[in-house]
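The values are calculated or read from the model by the stated rules, or taken from the named source; none is laboratory data. Note that this is a predicted model, so its numbers are computed, not measured. Don't worry about glycine lacking a Cβ; one is built from the backbone with ideal geometry, like all the others, and counts go over all protein chains shown. The protein model used for the area step is the full one, side chains on, heavy atoms only, and it has no ligands, DNA or RNA in it. Shrake-Rupley method; radii C 1.70, N 1.55, O 1.52, S 1.80 Å.
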Amino acid sequence: MNSPRSYRIAFVMILIALFFAWLLNVSSGSVSIPFFSTLATLFGQNVEVDSWQYIIWNYRIPKAFTSILVGGGLSLSGLLMQTLFRNPLAGPFVLGISSGASLGAALLLMGTSLLTGVTSLAFFQDISLAVAASVGSFLVLMVVIGVAQRIKDTMALLIIGLMFGSITSALVSILAYFSNAESLQRFIFWSFGSVGNLSTLQVYILAGIVFLGIVLSVLSIKPLNAYLLGENYAQSLGVSIRKSRFVIIIATGLLAGGITAFAGPIAFIGLAVPHLTRQIFDTMEHRVLIPAVFLYGAILMLLCDTLAQLPNSAQVLPINVLTSLVGAPVVIWLLVRKRKMIF
Amino acid sequence: MSQQENHIISVKELSIGYGSKKVAENINFSMESGILCGIVGINGIGKSTLLRTLGAFQPKLQGSINMGHLALEDHSASELSKKISVVLTEQPASKNLTVQELIALGRQPHTNWMGSLTHQDKRHIHESLNTFMLDELRQRKCHELSDGQLQRVFIARAMAQDTPIILLDEPTTHLDLYHKVQILRLLQQLAHQKQKTIVFTTHEIDLAIQLCDKILILDGVENPFGDPCELIDQKRFEKIFPSEMVKFDSKTGSFKINR
């Protein structure tokens, strides 16, 4: 029987991999700290340079934690979308959630300067940006849910989500065209994605959002499994289509919307990780896939972030560049090797 | 207990259709447990619509449908899932499911909030695998199966759901004669040995005559229902198709092309 128990070894392996990815992530960064000093700091020992301790505890560990939340959360939302929409190419972007967040951020960063000519929002920018992006993604989400209540066909919903994405990105383009160079630059930087710029409060908020998303996903395990047969079969198994779909969409919105708000629109993780996970966990059972996909996404995000740091240099590549460079070839490889992306 | 209360399905004066568009009306039939019943009729007469209505996928227009002593619409979703299982014409959304995983999904109405399988659930799954000769295929993915195998998997899933009523929409389409007969024989066994009430739509009228206990003919007028032999005697099959093309031969119980 394909119960979670049969995958115990795989889970142990993936947890060990997560630990090492985390260690690697924590021990590398723009300031060169010897590996053993990093370990010593983690075990609470004093090290040669005081600032190292500060960097590790106050910068690197929160950043690594954020990477885990972002990677795991985005991957989980991708899994939910792929099952709900019965489409291997679905991801957090398809419902227009990420583009909604972009619109919110764009309105704040470029719209305010456009309307008032001042950019005095900078001093409380970190929170206001997250709020604007969250509001943007949830506004789009509300519209999608409104449509979802009326339309029973999930495919139509998918296309409507894509159309919302197009509309919002067109609006963002209009804003970008008319805004000044400085605010355009700020928006571009946000859209590059980053897991390192969060304040402690923001990390806590993000953790809360991701936790709620995970709880809702776990509560939806049975409907998610039933959806694998199709909506009619799910209904015949006693699943309430409207209610379960509502919960799953809310979970996705929380995960993808919340993460995009704080870390920017990070590409490909949500789409690619569920497929990668199935290479190891060859099952469709969501009791296995939900934790596995979350852990796998966390590992991949930690690795991408480690690479983005360009070890020992002050330069940091945009995280979006790394995830696209890793994610897009993975999708191509899956298509070429497997001939088709079966979900 | 009166005759009426023994009936697991009882349909009276039923009209079916979509909104204002009536597809079929004046449908009356009832049957007890352990019956294999085929619904036959020409394309577009409303066979699938009737099956969808019986399965509560769409509302009836008029009349009454009783499942046991309770009207169909008075069942909650979870009660229905324990009473009626279905085999539809649609493919599974994910063909990456293994045979065993797919059949295990049939146990959902009986499992806890996480869908953990108890010993009893596993016994039902095992029995279904066994009945439908799927033991060797249990770890295969659905996309690796032939049409006939996949159809057996779906019927096994319905059996694992362990409901008194099983509805099947054209379970024998796309299959060759051998597999058509195989599927129908398995359904007959299931109905007789497990006392299930099995209703299916089909275009294989000659096979249905040989294997079904009851047949409902949708002809758009009287919609006769009864034993196959009775219906033959009453010359009911002659009216299914326009007579200029095919003619029913009541001696062999099959249709012949007019020359």
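Anything in the range B:242-257 that is assigned to a loop (DSSP other than H, G, I, E, B) and open to solvent by 60 Å² or more (accessible area, probe 1.4 Å)? List them, or say none.
First pass over the range B:242-257, keeping only residues assigned to a loop (DSSP other than H, G, I, E, B): B:242-245, B:250-253.
Answer for the range B:242-257, where residues must be assigned to a loop (DSSP other than H, G, I, E, B) and open to solvent by 60 Å² or more (accessible area, probe 1.4 Å): B:242, B:243, B:244, B:245, B:251, B:252.
Of the residues A:139, A:121, A:95, A:109, which is open to solvent by less than 10 Å² (accessible area, probe 1.4 Å) and either modelled with pLDDT of 80 or more or assigned to a helix (DSSP H, G or I) (or both)?
Working: A:139 fails: open to solvent by less than 10 Å² (accessible area, probe 1.4 Å); A:121 fails: open to solvent by less than 10 Å² (accessible area, probe 1.4 Å); A:95 fails: either modelled with pLDDT of 80 or more or assigned to a helix (DSSP H, G or I) (or both).
Checking each option against the conditions leaves just A:109.
Taking the condition crowded, with 24+ Cβ neighbours inside 10 Å, at pLDDT 80 or above and in contact with a Pro (Cβ under 8 Å, 6 or more places away or on another chain), does residue A:78 pass?
Details: crowded, with 24+ Cβ neighbours inside 10 Å: yes; at pLDDT 80 or above: yes; in contact with a Pro (Cβ under 8 Å, 6 or more places away or on another chain): yes.
Yes, satisfied.
Look through B:64, B:116, B:15 and report the one residue that is more than 16 Å from residue B:197 (Cα to Cα), of a type outside the set (D, E, K, R) and within 11 Å of chain A (Cβ to nearest Cβ).
On the way: B:64 fails: within 11 Å of chain A (Cβ to nearest Cβ); B:15 fails: within 11 Å of chain A (Cβ to nearest Cβ).
Selected residue: B:116, the only one of B:64, B:116, B:15 that is more than 16 Å from residue B:197 (Cα to Cα), of a type outside the set (D, E, K, R) and within 11 Å of chain A (Cβ to nearest Cβ).
Starting from residues that are surrounded by fewer than 16 Cβ atoms within 10 Å (Cβ to Cβ) and of a type outside the set (S, T, N, Q), keep the ones in the range B:74-84 and report whichever is nearest to the other protein chains (Cβ to nearest Cβ). Outline the logic, then answer.
Quick first cut of the range B:74-84, residues surrounded by fewer than 16 Cβ atoms within 10 Å (Cβ to Cβ) only: B:74, B:76, B:78-79.
Right, trim to of a type outside the set (S, T, N, Q) and you get B:74, B:79.
On the way: B:74: 15, B:79: 8 Å.
Applying the filter and picking the extreme gives B:79.
Of the numbered conditions (1) touching a residue at least 60 places away in the same chain (Cβ under 8 Å); (2) surrounded by fewer than 22 Cβ atoms within 10 Å (Cβ to Cβ); (3) part of a helix (DSSP H, G or I), residue A:314 satisfies every one except a single condition; which is it?
(3)
Looking at B:104, B:71, B:93, B:56 in this structure, which one is free of Cβ contacts under 8 Å to residues at least 12 places away in the same chain, at the interface with another protein chain (Cβ under 10 Å from one of its Cβ atoms) and either open to solvent by 60 Å² or more (accessible area, probe 1.4 Å) or among the aliphatic types (A, V, I, L, M) (or both)? Quick ask: steps written out before the conclusion?
Values: B:104 fails: free of Cβ contacts under 8 Å to residues at least 12 places away in the same chain; B:71 fails: at the interface with another protein chain (Cβ under 10 Å from one of its Cβ atoms); B:56 fails: free of Cβ contacts under 8 Å to residues at least 12 places away in the same chain.
Result of the check over B:104, B:71, B:93, B:56: B:93.
Need the failing condition index for residue A:215 against (1) in a helix (DSSP H, G or I); (2) touching a residue at least 24 places away in the same chain (Cβ under 8 Å); (3) surrounded by fewer than 20 Cβ atoms within 10 Å (Cβ to Cβ), just the number.
(2)
Among the numbered conditions (1) assigned to a helix (DSSP H, G or I); (2) open to solvent by 30 Å² or more (accessible area, probe 1.4 Å), tell me where residue A:197 comes up short.
(1)
Please enumerate the residues belonging to the range B:119-153 that are within 9 Å of chain A (Cβ to nearest Cβ) and surrounded by 18 or more Cβ atoms within 10 Å (Cβ to Cβ).
B:125, B:141
Return only the number of the condition from (1) open to solvent by less than 30 Å² (accessible area, probe 1.4 Å); (2) within 11 Å of another protein chain (Cβ to nearest Cβ); (3) more than 19 Å from the chain's Cα centre (by Cα) that residue B:87 does not satisfy.
(3)
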